[in-house]
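Participant: I'd like to ask some things about the structure below.
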Amino acid sequence: MNNNNEQILPINITEEMKSSYIDYSMSVIVGRALPDIRDGLKPAHRRVLFGMSELGLGPGTAYKKSARIVGEVLGKYHPHGDASVYDTMVRMAQVFSLRYPLVDGQGNFGSVDGDGAAAMRYTEARLTRLASEMLRDIKEDTTDFQENFDGSLEEPVVLPSAVPNLLVNGGDGIAVGMATKIPPHNLGEVVDAIIAYIDDPDIDALGLMEHLPGPDFPTGGIIYGHAGIQAAYHGGRGRVVMRARMHEEKIPSNRTALVITEIPYQVNKSTLVEKIAQLVTDKRITDISDLRDESDRDGMRIVIELKKDATPTLVENLLYKYSACQHTFGVNMVALVGGRPMTVTLKDTVRHFVDHRHEVVSRRSRHRLVQARARGHVLEGLLIALDHLDVIITIIRHSSDPDAALDNLQKGVYPSELTGQQLQRLGLPAAPPGASDHGRKSWLSEKQAAAILALRLRRLTGLERRKIEAEYREVARKIERLRSILASEHVRMLIIKEELIELKSRYGDDRRTEIDFAGGEDFLIEDLVEDCQVVVTISRKGLIKRTTATEFRRQGRGGKGVRGGGLRQDDFLEHMFVSNNHDYILFFTSHGRCYWLRAYQIPPGGRVAKGRNIRNLIGMPADDRVCAVLAIRKESFRDPDFLDSHYVTMATAKGQVKKTALRAYSRPRTNGIWAIRIREGDKVLEARLTDGDATVVLAASNGRAMRFHEKDVRAAGRYSGGVRGMRLRPDENVVGMVVLTNGEDKDMLSVTSRGFGKRFTTDAFRVKNRGGMGVYAQRETARTGSLVAINSVNESDDIMIMSNAGTLIRTNVAGISVKGRNALGISLMRLNDGDSVAAVTRVMNEDIVDV
């Protein structure tokens, strides 16, 4: 106790903070941040709509200043800052924020570029027609009311809303410890889903999704993928991937432009344009030459001009990857259910709305029944008055004042001053007819008597009497109809369905957002890589790189070539092949293992770049090396029929051959798989893709070659060692293998170690059984050197020849003359002293653009 007799009570600070924080958090959750599942509104939104309704700002009325509306809501219902009320009203008026705006604004209410609305003194507003449907029947006891903040007025706890607003317009908010984010939907689709639920209350989310496939955003765009929608509708949470809608347009100078006409929901357009420009500045996207925003009142139009050689699909995917052209809407369906926050599913939302509408229809019907009975009761009194008009007039005329007249009419008695003789002289009965009949205590009720006193003389005409009788019959029918409504839940549900169908017919519109059901929700790396043609090179020491094929220009026969690799003096190029970036690359090693990569996973590099060690990419042991490479198109590698009908045919340096179905190599592991069992002293030399009906040509270093049919080699498993393909002397090795399909006889090109080559036809080699010595294809001399490569070629092809020093030359096959098997050939590449040809590969002109 202190000197002022004040008592100090000890309080546990932990318990006090816990209690106070819970009170605060529930206040935020219930009173500010989360929408009610029944009308889909937060208190601020509900108060703005109700306040505008009380001001008489219905559709078709004159607009009123926004400041007037804000003042009305602040003074009567929402004791917070004016900015919160005005911002709430502004959002409900923005066509890019709400799928179906609830406020009809006049003036500047902001833009999709993030511009704010004008001050409230400049703008005007009224309710939209759809908003009036949310307030319909509110004065018919359809919802509970509560006192406002100072107890002077009442405001609705929830609106009777005939509109499923929570699904139609969605909502978002951040509370304490929880948040909500519900996407908007198409009104017609939502109505169809609700009707489906009414017809079958046991319907599940998948059944509802037959009518409501996904969100429908006010800004349009494309929903990419459907898995996130299903997750959200089934469990209340999910990721909806949205994409901008863009298309290609041809512009002058034979170039292409990407034009964006719709952007993802809640994306700021000006920020999006700035981000794209920054991507160009940072060289994240290098194929954009110009960017401008041509949007106007007729619609959105963002023009992205591309460089001449750009690939539109690649730029489009890069925009989706690095900018808000692809945006994720994280669905978190949290709403107030019975005053408590709950995570709800699609079916929960539909069910609670139907329950709400059922309660509204029931309460409205009861209210109308009470009103109809009251009106019928009054009409009964008027009919009694018309049937006994002289008696009624006499009672009223001789009553001393209105109160006495009201009392006499209820009791059915004449004023006391009227004698029997006076009544007889007036031709009136001694007592009002029926006044004491049937044991009634009174002749008329107070309401009936008051209605008779208020009756005008014009209502005493025959026409008016017929009108009263017709109204009474109509009221009787109405009472019977309302009683049948209240007696049957099925009838009430039919009414809900009819009102929903009418709502759809009046306000329904076409879907704006397209759903790409086949789209994946995650980016694949290949989506960001142009599927262009590249040249992949691998050096003797395992340095690998890929270079755009257009970096190599065609040269005439006998040229010196261009530098193809900045290699060390003791290294040289061993493999070079042409593929596409999306191809699957199979690497076969000398030890008989197979590794797997996509072409775009190979590090890029220019002609003079060294490349990267392949062991860092495929985990190949240090004592092994790549000896053969297959490039297989993405579409083929994913086709089961292709995998089963094609084979990998391999040849070893000691003349062994083997073929195995391609399917066996379609799922290599990171650390590789066995491709063939190698005998001691042998190694894998080549691997080629065959179709089961090919002929195989093997060539040895001694210049001999032989041709046999692929069918002579039985398909075997990956662990098989194969069979003999060509008989060799101990000091000889196989140098190349050519595969000919469909019995074709093509030209073949042989190249020697000293740069000599010739073209000859394959019909010079007869098809024999495998295992023979073969016949000469290239004579070996000191001038020409030994045979190093053979290839099948067409006149339209180019070939690339690599020397051990890293020099490349590209020349056309048509410039190489056709010679016989015994001819030495012509000089294809001038070599420096000590240099020799390392490898040869073919390039098809129609697939490569010359520089």
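Participant: Residue by residue through region 43-61, note down the ones that are assigned to a loop (DSSP other than H, G, I, E, B) and either without any contact (Cβ under 8 Å) to a residue 24 or more places away in the chain or among the hydrophobic types (A, V, I, L, M, F, W, C) (or both).
Facilitator: Of the residues in region 43-61, the ones assigned to a loop (DSSP other than H, G, I, E, B) are 55-61.
Answer for region 43-61, where residues must be assigned to a loop (DSSP other than H, G, I, E, B) and either without any contact (Cβ under 8 Å) to a residue 24 or more places away in the chain or among the hydrophobic types (A, V, I, L, M, F, W, C) (or both): Leu55, Gly56, Leu57, Gly60.
Participant: Just wondering, is there one or more residues in region 150-169 that are over 21 Å from Arg492 (Cβ atoms), part of a helix (DSSP H, G or I) and among the β-branched types (Val, Ile, Thr)?
Facilitator: yes
Participant: Kindly indicate the residue of region 279-294 that is under 21 Å from Glu249 (Cα atoms) and out of contact with any strand residue (DSSP E or B) (no Cβ under 7 Å at 6 or more places or on another chain) and also modelled with the lowest pLDDT among those meeting that condition. If you could, list the steps in order and put the result at the bottom.
Facilitator: Residues of region 279-294 under 21 Å from Glu249 (Cα atoms): 280, 285-294.
In the following step, the residues that additionally are out of contact with any strand residue (DSSP E or B) (no Cβ under 7 Å at 6 or more places or on another chain) were identified as 285-286.
On the way: Ile285: 91, Thr286: 88.
My answer is Thr286.
Participant: Another question about this same structure. Quick one: is Ile69 closer than 23 Å to Gly339 by Cα and either touching a residue at least 12 places away in the same chain (Cβ under 8 Å) or open to solvent by 30 Å² or more (accessible area, probe 1.4 Å) (or both)?
Facilitator: Working: closer than 23 Å to Gly339 by Cα: no; either touching a residue at least 12 places away in the same chain (Cβ under 8 Å) or open to solvent by 30 Å² or more (accessible area, probe 1.4 Å) (or both): yes.
Judged against the criteria, Ile69 is not a match.
Participant: Please list, ordered by first then second residue, the pairs with beta carbon atoms under 6 Å, 6 or more apart or interchain, first in region 690-713 and part of a loop (DSSP other than H, G, I, E, B), second open to solvent by 10 Å² or more (accessible area, probe 1.4 Å) and of a type in the set (Phe, Trp, Tyr).
Facilitator: Close Cβ pairs (under 6 Å, with a partner that is open to solvent by 10 Å² or more (accessible area, probe 1.4 Å) and of a type in the set (Phe, Trp, Tyr)) amount to Gly703/Tyr776.
Participant: Looking at this structure, is Val370 crowded, with 19+ Cβ neighbours inside 10 Å and aliphatic (A, V, I, L, M)?
Facilitator: Numbers: crowded, with 19+ Cβ neighbours inside 10 Å: no; aliphatic (A, V, I, L, M): yes.
No; evaluated as a whole, the condition is false for this residue.
Rundown of residues vs (1) open to solvent by 60 Å² or more (accessible area, probe 1.4 Å); (2) polar (S, T, N, Q); (3) modelled with pLDDT under 95, yes/no style:
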residue: Arg458; (1), (2), (3): yes, no, yes
residue: Ile468; (1), (2), (3): no, no, yes
residue: Leu500; (1), (2), (3): no, no, no
residue: Leu503; (1), (2), (3): no, no, no
residue: Arg506; (1), (2), (3): yes, no, no
residue: Asp516; (1), (2), (3): no, no, yes
residue: Glu521; (1), (2), (3): no, no, yes
residue: Leu524; (1), (2), (3): yes, no, yes
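Participant: Please go through region 228-283 and give me each residue that is among the β-branched types (Val, Ile, Thr), in a strand (DSSP E or B) and surrounded by fewer than 21 Cβ atoms within 10 Å (Cβ to Cβ), ordered by number. Before you say what the answer is, go through the steps one by one.
Facilitator: Filtering region 228-283 down to residues among the β-branched types (Val, Ile, Thr) leaves 229, 240-241, 251, 256, 259-261, 263, 267, 271, 273, 276, 280-281.
Retained after the next criterion (residues that are in a strand (DSSP E or B)): 240-241, 251, 256, 259-261.
Within region 228-283, Ile251, Thr256, Val259, Thr261 meet the criteria.
Participant: Still on this structure, please answer the following. Just wondering, is there one or more residues in region 807-827 that are among the basic types (Lys, Arg) and exposed (fewer than 15 other Cβ atoms within 10 Å of the Cβ)?
Facilitator: Filtering region 807-827 down to residues among the basic types (Lys, Arg) leaves 810, 819, 821.
Retained after the next criterion (residues that are exposed (fewer than 15 other Cβ atoms within 10 Å of the Cβ)): none.
No - not one qualifying residue is present in region 807-827.
Participant: Separate question: Say whether the condition of being in a strand (DSSP E or B) and under 32 Å from the mean Cα position of the chain (by Cα) is met by at least one residue in region 357-378. Full working, then the answer.
Facilitator: Filtering region 357-378 for residues in a strand (DSSP E or B) gives none.
Looking through region 357-378, none of the residues is in a strand (DSSP E or B) and under 32 Å from the mean Cα position of the chain (by Cα).
Participant: Ok, one more. Does any residue in region 456-481 that is over 17 Å from Val378 (Cβ atoms) come within less than 8 Å, Cβ to Cβ, of a residue that is open to solvent by less than 60 Å² (accessible area, probe 1.4 Å) and assigned to a helix (DSSP H, G or I) six or more places away or on a different chain, and which pairs are these?
Facilitator: Between residues of region 456-481 that are over 17 Å from Val378 (Cβ atoms) and residues that are open to solvent by less than 60 Å² (accessible area, probe 1.4 Å) and assigned to a helix (DSSP H, G or I), the close pairs are Arg458/Glu464.
Participant: Being surrounded by fewer than 24 Cβ atoms within 10 Å (Cβ to Cβ) and outside any helix (DSSP H, G or I), is that true of even one residue in region 186-201?
Facilitator: Within region 186-201, one or more residues are surrounded by fewer than 24 Cβ atoms within 10 Å (Cβ to Cβ) and outside any helix (DSSP H, G or I).
Participant: For residues that are among the hydrophobic types (A, V, I, L, M, F, W, C) and not in a helix (DSSP H, G or I), scanning just region 127-143, find the one that is farthest from the chain's Cα centre (by Cα).
Facilitator: Within region 127-143, the first condition is being among the hydrophobic types (A, V, I, L, M, F, W, C), and the residues that meet it are 127, 130-131, 134-135, 138.
In the following step, the residues that additionally are not in a helix (DSSP H, G or I) were identified as 127, 138.
Working: Leu127: 32, Ile138: 38 Å.
Restricting to residues being among the hydrophobic types (A, V, I, L, M, F, W, C) and not in a helix (DSSP H, G or I), the top hit is Ile138.
Participant: Hey, can you tell me all the residues within region 133-170 that are within 18 Å of Leu336 (Cα to Cα) and free of Cβ contacts under 8 Å to residues at least 12 places away in the same chain?
Facilitator: Within region 133-170, Gln146 is the sole residue that qualifies.
Participant: Counting only residues that are modelled with pLDDT under 85 and more than 14 Å from Ser445 (Cα to Cα), which one in region 397-413 is least open to solvent (accessible area, probe 1.4 Å)?
Facilitator: Going through the qualifying residues, I end up with Ser399.
Participant: Right, something else. Is there a residue in region 574-591 that is assigned to a loop (DSSP other than H, G, I, E, B), at pLDDT below 85 and not acidic (Asp, Glu)?
Facilitator: no
Participant: Pairs, please: C-beta under 6 Å, at least 6 apart or cross-chain, first residue of a type in the set (Lys, Arg) and in region 272-290, second surrounded by 13 or more Cβ atoms within 10 Å (Cβ to Cβ)?
Facilitator: From region 272-290, the pairs are Lys275/Ser323; Arg284/Tyr322.
Participant: Can you name the number of the only condition in (1) modelled with pLDDT of 80 or more; (2) farther than 18 Å from Glu380 by Cβ; (3) in a loop (DSSP other than H, G, I, E, B); (4) open to solvent by less than 100 Å² (accessible area, probe 1.4 Å) that Thr394 fails?
Facilitator: Every listed condition holds for Thr394 apart from (3).
Participant: Which of the residues that make up region 782-793 are at pLDDT 80 or above and in a loop (DSSP other than H, G, I, E, B)?
Facilitator: Arg783, Thr784, Ser786
Participant: Go through (1) open to solvent by 10 Å² or more (accessible area, probe 1.4 Å); (2) part of a strand (DSSP E or B); (3) without any contact (Cβ under 8 Å) to a residue 60 or more places away in the chain and name the single condition Arg729 misses.
Facilitator: (2) is the only condition that Arg729 fails.
Participant: Going through region 572-604 one residue at a time, which ones are of a type outside the set (Val, Ile, Thr), open to solvent by less than 20 Å² (accessible area, probe 1.4 Å), more than 32 Å from the chain's Cα centre (by Cα) and at negative phi?
Facilitator: Residues satisfying the conditions are Leu573, Met576, Ser579, Leu586, Phe587, Phe588, Ser590, Cys594, Tyr595.
Participant: Then there's this: Among the residues of region 630-640, is there at least one that is over 44 Å from the mean Cα position of the chain (by Cα), surrounded by 19 or more Cβ atoms within 10 Å (Cβ to Cβ), under 20 Å from Ala715 (Cα atoms) and modelled with pLDDT of 85 or more? Full working, then the answer.
Facilitator: So in region 630-640, the residues over 44 Å from the mean Cα position of the chain (by Cα) come out as none.
There is no residue in region 630-640 that is over 44 Å from the mean Cα position of the chain (by Cα), surrounded by 19 or more Cβ atoms within 10 Å (Cβ to Cβ), under 20 Å from Ala715 (Cα atoms) and modelled with pLDDT of 85 or more.
The values are calculated or read from the model by the stated rules, or taken from the named source; none is laboratory data. Keep in mind it's a predicted model, so treat the numbers as computed, not measured. Reconstructed Cβ throughout: ideal geometry from the backbone, glycine too, with neighbour counts over all protein chains shown. Surface areas here come from the heavy atoms of the whole protein model, side chains and all, with no ligands, DNA or RNA. Shrake-Rupley method; radii C 1.70, N 1.55, O 1.52, S 1.80 Å.
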